[in-house]
Every structure is written in structure tokens, then in C-alpha cells.
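Some notes on the structure that comes next.
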Amino acid sequence: MNSATRSSAAINSQKRWPSFFWLLTVGLGLGLVVAIVLSVSVGAVPLPFEKILRIILHNTFGITLGEWRPVEEQIVWEFRLPRVLLAAIVGAALSVSGTVLQAMVRNPLADPYILGISSGASIAAVAVITLGSMALGGVSVSIAAFLGSLSAMVLVYFLAQQRGRVTPTRLILAGVAVGYVLQAFTSYLVLRAAQPGGSAVASVLYWLAGNLGGAKWQYLGTPALILAVASIWLLARARPLNALLAGDESAVGLGINLERFRQELFVVTSLLVGVAVAISGAIGFVGLMIPHIVRFLVGADHRRVLPTAALLGAVYLVLTDLLSRVIIAPSELPVGIVTAALGGPFFLWLLRRGRGET
Amino acid sequence: MFDYRVSSILFVIFLSFFAILALAQDTSESEQRTSYPVTIETCGRSITVDAPPQRVYTTYWNGFDTLARLGLAESVIGNAFHNDYDGGDLAEQYAQIPNQYQRYPAAEAALVLQPNFVLASYDSFDFPEETLSIEDWTEDGVAVYSMSTECGGGDATQARFDMFFDDVRNIGIIFDVQTESGALITEMRERLAVIQTATGDADAVSAVITYGGEGPLNVFTNGVYGNILELAGGQTIFPDEEQTFGGYSLEVIAALEPEAYLIIPWSDTFENLRSFLYTTFPSAPATVNDRALLLPDGVTPAGYRTVAAIEQVAQMLHPEAF
């Protein structure tokens, strides 16, 4: 059985289990709410749950019940809640983009960073952190990272073109090559900044390993909007994505303009990843692992995979970020370390259990 | 009349006796000499030198700075990782060092200098893989002395600033300049005593020493950094941490309500880092009272210039005491 036939079979098989999909979706939706509540409730500074609720009620609806210290309100409303919501948005964005990229390049090892996007973001962010913001015209780390990711994306796309066409293989190769070159420059910048005691290197390492510690309310709007628009756009193209996963012939047979569709997917996923990586750094493993787990659970139909991946990715990153905050409190671990440390073994177990077919 | 003469003579004899005693004491101090070979302990190692080192390779600023203040600047033939340090009040002598490196030179570049002594600031950082290790130097017959406050790197939580006095004393023995080293130690001790007398009765001011980060915040916790703060009449907000630096949760720092920020501008300008702290912790006493101080580079690693940094910090934390 070839891969296209297998994918079609997997897609068709899911038609028998609509109730499981809906149960799973509702379960994950509730799970996300529980994860968010848990994550806001627990932190390095112990706070009573009822006080947290009162602070949220006050800031959301203007209802004031009882008293609290200003610093307690700051911890809940300005540190924890935006951070938890950002984790949910970034987790969903990485999972959705990973799902789409794996279909687009038809490669199970594809993750949101395979097209050199994270390397572009990394070198720009590291340049700002180690050389100072004036090195890149006074932009912040986040804006530099976003511009870096978009620049890398454009570079990869043009390098992957041959006679006006872009194939999945060339995209991957161009992405990997650009990624290695940019990583080399990033390593040089890190080495150059190395000083005893941490210095800028500490900030660089936190950024490179993925970190949500700098979350603020004003950082949530753009990624949330892009995630919402991109998810709706992708969901509306779930059938062409299914065809793409099944093979170019299937897609062409369905009347899909392959070249144009790939270009659109490339832009949409790059925006998703770029905006996520700009704020949170390069959080690894989520975009690789979650799509595989989701296909294992609901099959390969993107009408099911995309929303499930978004929800599971959000839950996963919210919970792993919670762990990164409390494992060595009052210090913090970069969340990327936790996502990989927990996700890796689970992913391997899943692969063995599913005999390598996800 | 007789009584007056006798008492005068006795008084002169009495004074002379004490003058001779004092002179003898002074002579014995100034003539306190090192008998070679001499063996010294440094960061858990023993090193032996057979004669005052003539060709010294140093790292960072504090090794050269210490030697220069002991009158040994001319013995320094190379300095690694000067990190744009211009020598401060020793700029003229600093510029005379024949070989200076912004970062660590390659192993062969260091070896070709043919030093007969290495004075390292950071035992745990100064010998990265691309350069010569302590073992390599030792095999070449070059003794390596490492400054005590940084033995063990990030785990040096027991380090105290007065360990630097031990270093100065040891360097005095190694280079046979014990009088000069004793005088340098005395000068630093006296300056610190002035600070402690001035701030003695005041409550310790809680402070966070940060070098950047926007969440987590990169913070020096205890060890020599916490001790420097204590000497200035302050107290680190993380006295019980088992590491000297790390990334700390913003919410914990907000909850601990620091009364002062001490900023080391490694990752950004002082103004930007202060602005971030003031925006992030608007209700912290340090923000409300506008108490943020730029810590000069000289605060780390521990050295002579650290005393001036301690004086600055003390004046910021306790302006009423000075």
C-alpha cells in the first residue's frame, strides 16, 4: 500500500468515528480551560485561589470583592494570565503550522522550523540581545525576530525555486541549508558575547531555548488575530490539504493549482511561525510532535486534525510552561527544555505503540 | 631642678625605647621577605614558585590591576579578555602591556608569550577548550594562580569579598612584595571600615542585582555578589539560593518588593534596563523611590576597584549616612 492510498484510507476510516472526534474536541476544550485555570493558580509565589478569582473578576468585569495587595494583582493579571494565554496561542500556532508543513512537504520530520524560519528569527534576536538594539536600527527583540523570520522565509522560497516551480524537496533542502548558515552566524554572535557570570549569553540561551517569561497583554493581540485568521483559512482548505497529503497527482486530479496553493500555505504558515517565534523564541518539539499525536488520535483528515492540533498544542504548552515556572522556582527553566524533555519520550512511546505509523 | 632633669632624661629614654621598638617592628615588616621555593594554595590546588615571576599572563582586569598596584605592572606580558577595559586610573600602565586580547587568545598565541606565571580571574571560565587548560600550563612548568572569589564558578555561594585580601596576600608572597600587599590590604580594609561605620546602625536595604532579561530576570543572588551588597549596607533578595546567578521569575521579584536595583549593563544600556524594571515592577519600593544604580564593571570580578563600587552602592542605599 503506497502512502497516498494509506492516507486516503486513514481519512476515510475517520468517517466512522465522528462521535469520538467531537468528544475529543469537547474534552480538549475543557482540558484547555482547566489547564489555564491551573496554570494561573500555581506559580512561584503562592496565592489563594479565591483571591486569584477575585482579581480576575475585578479586571475582567470591574467587580470588586474584597481586598488584595497591588503586587498580588500584578502577579495574577500582568504576569501569569498573559503568559498562560500566550502559551495557549503559541502552542496552537506551532501545532497548526507543523500540521500544515508536514502535509505541504509530505515529510513526517517537518516541523515549523524546517524552512529556516527559526534560524532567521534567532540570528536577528541574538544580534539585538548581544550587540544592542541599535545594531538593527533600534528595533526590539520581538520585532527583530519577526523581521528575521520573514526574511529567512523569503530567502528560502526564492532559493527553492527552479524554473518558477517549488517542490517539497527543494523547499526542505533550501530551508535546511539557510538554517545551517544562519545558525553558524548565530553561534558566532553567542560566542562573541560569552562572559563569565552570564551577561547577554543568559538572555540569548533563554531565547534560543524558547521562553514565555516576557509575556505582556500587548503581545497577545497580533498572534491571536493571525492564529484565528490562519486557522479559519486553513480549515476552509482542509480538503485540498488532504489531497496534498495524498500526493501531487491526487491534488492535481482534484483541480488544485499546486504551485499557487503551496505559495499560499508557505505564506500562512510562515506568518504563524514568525509571530510565535518572535515572542516566545524557538520552542521546539511542539510543532513536530502534536500533529503526529493528533493524526494517531483522529486520523489524517485535516478537518479534524487542524482543530484538534490547535487545542492539544495549546494545552500542552500551557502545562509545560507551568512546569517550567515551578520546577526550580524561584528560578525558571526555558519552556523549550521542558517541551522536549517531556515530549520526546512520550513521542517515542507513541511511535512504538503505533508501530511508527501516525 | 634635679627632678626635672631626671624626669626629662627618663622621658627621653622612654620615648627612645618605644621609638626603637617601633622602628624594629617596622623594619621587620618591611623586610618580611619570601623564601623560595614557596608553595601556595589556590582553588584547591597547590602551586610552587621558585622565584618572583617575571613574565606574567593575566585575565580580565583584576589580575593586572592588583599587580600594578603592587608595583608589578612591568611583569605583565599579556592580558586576555580585557573586554574594552581601559585601565581606569592605571590607563597609562595598562596601555604598556605588550600583548592584549579582547577575548581569550588561541592556545598557541598564549603559549608563544612564554609566561612563567598565570594569574587567572575566573578559575572556571579562563581555560576554555580552545585555549590551554590549567593542566597544560602546569605541564609546561607554568604555575597558575586563580582568584579565590570565583573558584567553582556559579556554585561559589560561600565566596566573600575578603577572599580577595587572601589573594593579595598570596600574590605578595609569590612576588616577594609583602609590604606592598599588606599596605594595599590595609587601605581597602580601612575604606570598607568607613562604610561599615557609616551604615552600621541602618537597616539593610533589600536589593536585586540584575544584568538584564525580560522574564525571567537575570540576577546575581549571593556568594561574592551578595556579600558586596552586604558590605554596602544592603541585602540580596535571594539570600538562600544555592547558586550565584540565575534567571528568576518576575512574579517572585515583584512579591519580594526590592528596595533598590543594582544594574550591570551587559545586555542593554543602563537606561533601558532601568526603564524595564520601573515598568515591570511599578509598585516596588525601588521604583517608587527611584533607587536604581549603575554598577560599574569593576564590581566583578572582585578586585581593588570593587571597593569603590561598594562605596558607590553604600552611598546610594544609605544617602543619609554619608
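The values are calculated or read from the model by the stated rules, or taken from the named source; none is laboratory data. Predicted model only: the values in this text are computed from it and were never measured. Don't worry about glycine lacking a Cβ; one is built from the backbone with ideal geometry, like all the others, and counts go over all protein chains shown.
Whenever a residue of the range B:173-192 is over 28 Å from B:P37 (Cβ atoms), its partners that are charged (D, E, K, R) and surrounded by fewer than 20 Cβ atoms within 10 Å (Cβ to Cβ), lying with C-beta atoms within less than 8 angstrom and at least six residues away or across chains, give the pairs B:R191/B:E311.
Residues in the range B:234-242 include at least one that is assigned to a strand (DSSP E or B), in contact with a helix residue (DSSP H, G or I) (Cβ under 6 Å, 6 or more places away or on another chain), without any contact (Cβ under 8 Å) to a residue 60 or more places away in the chain and within 13 Å of chain A (Cβ to nearest Cβ). When B:E190, B:E251, B:E230 are checked against the criterion of being part of a helix (DSSP H, G or I) and surrounded by 24 or more Cβ atoms within 10 Å (Cβ to Cβ), a single residue qualifies: B:E251.
In the set (1) of a type in the set (A, V, I, L, M); (2) in a helix (DSSP H, G or I); (3) at pLDDT below 90, the condition left unmet by A:A282 is number (2). Exactly one residue among A:V126, A:V190 is among the β-branched types (V, I, T), modelled with pLDDT under 85 and either part of a loop (DSSP other than H, G, I, E, B) or in contact with a helix residue (DSSP H, G or I) (Cβ under 6 Å, 6 or more places away or on another chain) (or both), and that residue is A:V190.
Of all the criteria given as (1) more than 10 Å from chain A (Cβ to nearest Cβ); (2) farther than 20 Å from B:P319 by Cα, the one not satisfied by B:N218 is (1). B:A314 meets the conditions (1) surrounded by fewer than 21 Cβ atoms within 10 Å (Cβ to Cβ); (2) away from chain A (no Cβ under 14 Å); (3) touching a helix residue (DSSP H, G or I) at 6+ places or on another chain (Cβ under 7 Å) in every case but one. The failed one is (1). Mind checking which residues of the range A:294-349 are away from chain B (no Cβ under 14 Å), farther than 18 Å from A:L109 by Cβ and not in a helix (DSSP H, G or I)? Those that are away from chain B (no Cβ under 14 Å), farther than 18 Å from A:L109 by Cβ and not in a helix (DSSP H, G or I): A:G299, A:D301.
Take the range B:99-149 and flag every residue that is among the acidic types (D, E) and either within 14 Å of chain A (Cβ to nearest Cβ) or in a loop (DSSP other than H, G, I, E, B) (or both). Let's see the steps before the verdict.
If we filter the range B:99-149 for residues that are among the acidic types (D, E), which is where we start, we get B:108, B:123, B:126, B:129-130, B:135-136, B:139-140.
Of everything in the range B:99-149, those that are among the acidic types (D, E) and either within 14 Å of chain A (Cβ to nearest Cβ) or in a loop (DSSP other than H, G, I, E, B) (or both) turn out to be B:D123, B:D126, B:E129, B:E130, B:D140.
Set side by side, the residues B:G63, B:G71 differ, and just one is within 22 Å of the chain's Cα centre (by Cα), of a type outside the set (S, T, N, Q) and not in a loop (DSSP other than H, G, I, E, B), which is B:G63.
Let's see how each residue does on (1) outside any helix (DSSP H, G or I); (2) among the basic types (K, R); (3) surrounded by fewer than 15 Cβ atoms within 10 Å (Cβ to Cβ):
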{"position": "A:L225", "(1), (2), (3)": "no, no, yes"}
{"position": "A:L241", "(1), (2), (3)": "no, no, no"}
{"position": "A:A251", "(1), (2), (3)": "no, no, no"}
{"position": "A:I256", "(1), (2), (3)": "yes, no, no"}
{"position": "A:S270", "(1), (2), (3)": "no, no, no"}
{"position": "A:V277", "(1), (2), (3)": "no, no, no"}
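With at pLDDT 95 or above and surrounded by 21 or more Cβ atoms within 10 Å (Cβ to Cβ) as the only criterion, which of B:A302, B:A207 stands out? On inspection, the qualifying residue turns out to be B:A207.
Among the residues of the range B:293-311, which ones are among the aliphatic types (A, V, I, L, M) and either more than 14 Å from chain A (Cβ to nearest Cβ) or farther than 30 Å from B:D166 by Cβ (or both)?
Restricting attention to the range B:293-311, the residues satisfying the condition of being among the aliphatic types (A, V, I, L, M) are B:293-295, B:299, B:302, B:307-310.
B:L293, B:L294, B:V307, B:A308, B:A309, B:I310 - these are the residues of the range B:293-311 that are among the aliphatic types (A, V, I, L, M) and either more than 14 Å from chain A (Cβ to nearest Cβ) or farther than 30 Å from B:D166 by Cβ (or both).
Contact annotation: residue pairs with Cβ atoms under 7 Å, 6 or more positions apart or on different chains, pairing a residue in the range B:253-269 that is modelled with pLDDT under 95 with a partner that is among the aromatic types (F, W, Y), are B:I263/B:F270; B:I264/B:Y211; B:W266/B:Y211; B:S267/B:Y211. Counting the residues of the range B:293-313 that are out of contact with any Pro (no Cβ under 9 Å at 6 or more places or on another chain) and assigned to a strand (DSSP E or B) gives 1.
Counting only residues that are outside any helix (DSSP H, G or I) and of a type in the set (D, E, K, R), which one in the range A:35-80 is surrounded by the most Cβ atoms within 10 Å (Cβ to Cβ)? Only one residue tops the list, namely A:R69. Report yes if B:G246 is in contact (Cβ under 8 Å) with a residue 12 or more places away in the chain and away from chain A (no Cβ under 13 Å), otherwise no. No: the conditions fail for B:G246.
Residues considered: B:D176, B:D268, B:D290. Of these, the only one that is assigned to a loop (DSSP other than H, G, I, E, B), touching a Phe, Trp or Tyr at 6+ places or on another chain (Cβ under 9 Å), within 12 Å of another protein chain (Cβ to nearest Cβ) and among the acidic types (D, E) is B:D268. Considered as a group, the residues in the range A:303-349 that are basic (K, R) and surrounded by 22 or more Cβ atoms within 10 Å (Cβ to Cβ) include one that is modelled with the lowest pLDDT, and that residue is A:R325.
When the range A:77-127 is filtered for residues that are at positive phi and of a type outside the set (K, R), only A:G116 remains. Answer yes or no as to whether B:V208 is more than 9 Å from chain A (Cβ to nearest Cβ) and more than 19 Å from the chain's Cα centre (by Cα). Yes; evaluated as a whole, the condition is true for this residue.
Does the range A:103-111 include one or more residues that are part of a helix (DSSP H, G or I), within 20 Å of the chain's Cα centre (by Cα) and either of a type in the set (S, T, N, Q) or within 21 Å of A:L317 (Cβ to Cβ) (or both)? First the steps, then the outcome.
Keep residues of the range A:103-111 that are part of a helix (DSSP H, G or I), which gives A:103-104.
Add one more test, that the residue is within 20 Å of the chain's Cα centre (by Cα), and what stays is A:103-104.
Right, trim to either of a type in the set (S, T, N, Q) or within 21 Å of A:L317 (Cβ to Cβ) (or both) and you get none.
No, every residue in the range A:103-111 fails to be part of a helix (DSSP H, G or I), within 20 Å of the chain's Cα centre (by Cα) and either of a type in the set (S, T, N, Q) or within 21 Å of A:L317 (Cβ to Cβ) (or both).
Residue count for the range A:81-126 satisfying the condition of being in contact with a Lys or Arg (Cβ under 9 Å, 6 or more places away or on another chain), surrounded by 24 or more Cβ atoms within 10 Å (Cβ to Cβ) and over 25 Å from A:S250 (Cα atoms): 2. From the list A:A209, A:A230, A:A202, A:A174, the one residue that fits, being surrounded by 18 or more Cβ atoms within 10 Å (Cβ to Cβ), in contact with a strand residue (DSSP E or B) (Cβ under 6 Å, 6 or more places away or on another chain) and not hydroxyl-bearing (S, T, Y), is A:A202. Checked against (1) closer than 28 Å to B:S249 by Cα; (2) assigned to a loop (DSSP other than H, G, I, E, B), A:A145 passes all but a single condition, namely (2).
Does at least one position in the range B:98-106 carry a residue that is at pLDDT below 90 and crowded, with 19+ Cβ neighbours inside 10 Å? Taking every residue of the range B:98-106 in turn, at least one turns out to be at pLDDT below 90 and crowded, with 19+ Cβ neighbours inside 10 Å.
Each row is one residue, and each column tells you yes or no for (1) free of Cβ contacts under 8 Å to residues at least 60 places away in the same chain; (2) on the phi > 0 side of the Ramachandran plot; (3) of a type in the set (F, W, Y).
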residue	(1), (2), (3)
A:S149	no, no, no
A:L159	yes, no, no
A:G179	no, no, no
A:R192	no, no, no
A:W207	no, no, yes
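All conditions but one from (1) within 30 Å of A:I293 (Cα to Cα); (2) modelled with pLDDT under 85; (3) surrounded by fewer than 22 Cβ atoms within 10 Å (Cβ to Cβ); (4) away from chain B (no Cβ under 13 Å) apply to A:R165; the one that does not is (1).
Collect the residues in the range B:277-299 that are over 20 Å from B:M316 (Cα atoms) and buried (at least 18 other Cβ atoms within 10 Å of the Cβ), keeping them in residue-number order. The answer is B:T280, and nothing else.
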